[in-house]
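Engineer: To start, I am sharing the structure in question, which I have written as structure tokens.
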Amino acid sequence: MTESIWFTDLLVRIHVTPEDTGGAYALLEILAPSGHVTPPHIHEHDAESFLLLEGEITLHTKDGPTVVRPGQAGHVPAGQAHTLCVTSSGPARAVVVSVPSGFVDYIRACGRPAEREALPTLDGPPDVDLLLREAPAHGMTVLGAPGVLPADLVARV
């Protein structure tokens, strides 16, 4: 059964849970609004691969920006600093595989069950303190505020 969570301004649908795979991986579907930007961060133990289904995103890594369009995929190895921005005029939808499945625990810790299968309606900014507080317990390092990955941060990775 799919688990749906509102995480920051995203709708995350967990189709294959960590419990299903003994923690080996998780399969997620993420719906993100236009303009969504993640803070630059590192998943210390989890690699992320994604297949974009709708919209457009720009992935920023140590190799520079990469524009990803429907039918294209991206990959970020564990331990690599990255951020992404939804650069399409409408929402972006992607299938994401997290290997192993630790990122799901972070989503669960910082999100809440979705009340409907749509993007959340926000009444303010995401709880940044919660995101920062929970990150270390889930093998994540947040490197700064949302935006393009600064070169000096990438150089330290």
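Values in this text are rule-based calculations from the coordinates and carry no lab data. This structure is a prediction, so every number in the text was calculated from the model and none was measured. With ideal geometry, Cβ positions are generated from the backbone for all residues, glycine too; neighbour counts draw on all protein chains shown.
Engineer: Could you sort 90-103, 70-83 so that the peptide with the highest average Cβ count within 10 Å comes first and the rest follow in order? Working shown, then result.
Structural biologist: Values: 90-103: 19.9, 70-83: 16.0.
My ranking of the peptides, most packed first, is 90-103, 70-83.
Engineer: At R0 = 22 Å, how high is the FRET efficiency between Ser89 and Glu3 if r is their beta carbon distance? Nearest 0.05 is fine.
Structural biologist: Numbers: r = 29 Å, r/R0 = 1.33.
Computed FRET efficiency for Ser89 and Glu3 comes out at 0.15.
Engineer: Let me check against my output: what whole-number percent is the relative contact order of region 3-78, with C-alpha pairs under 8 Å and at least 6 apart?
Structural biologist: Working: 103 pairs, mean separation 16.8, N = 76.
That works out to 22 percent.
Engineer: Mind jotting down a quarter of the surface of the convex hull over the alpha carbons of region 86-141, in square nanometres, one decimal?
Structural biologist: If I average the Cα hull's projected area over directions, I get 5.2 nm².
Engineer: When only C-alpha pairs under 8 Å and at least 6 residues apart count, what is the relative contact order of the chain, in percent? The partial results should precede the final answer.
Structural biologist: Numbers: 385 pairs, mean separation 50.7, N = 157.
Relative CO of the chain lands at 32 percent.
Engineer: How large is the charge dipole for the chain, taken about the Cα centre, if only the Cβ atoms of Lys, Arg (+1) and Asp, Glu (-1) carry charge, to the nearest 20 debye?
Structural biologist: Details: 9 positive and 19 negative charges, 57 e Å.
Computed about the Cα centre, the dipole is about 280 debye.
Engineer: Work out the charge dipole of region 1-80 with +1 on the Cβ of Lys and Arg and -1 on the Cβ of Asp and Glu about the Cα centre, then indicate which of Ala24, Pro40, Thr8 is farthest towards its positive end.
Structural biologist: Farthest towards the positive end: Pro40.
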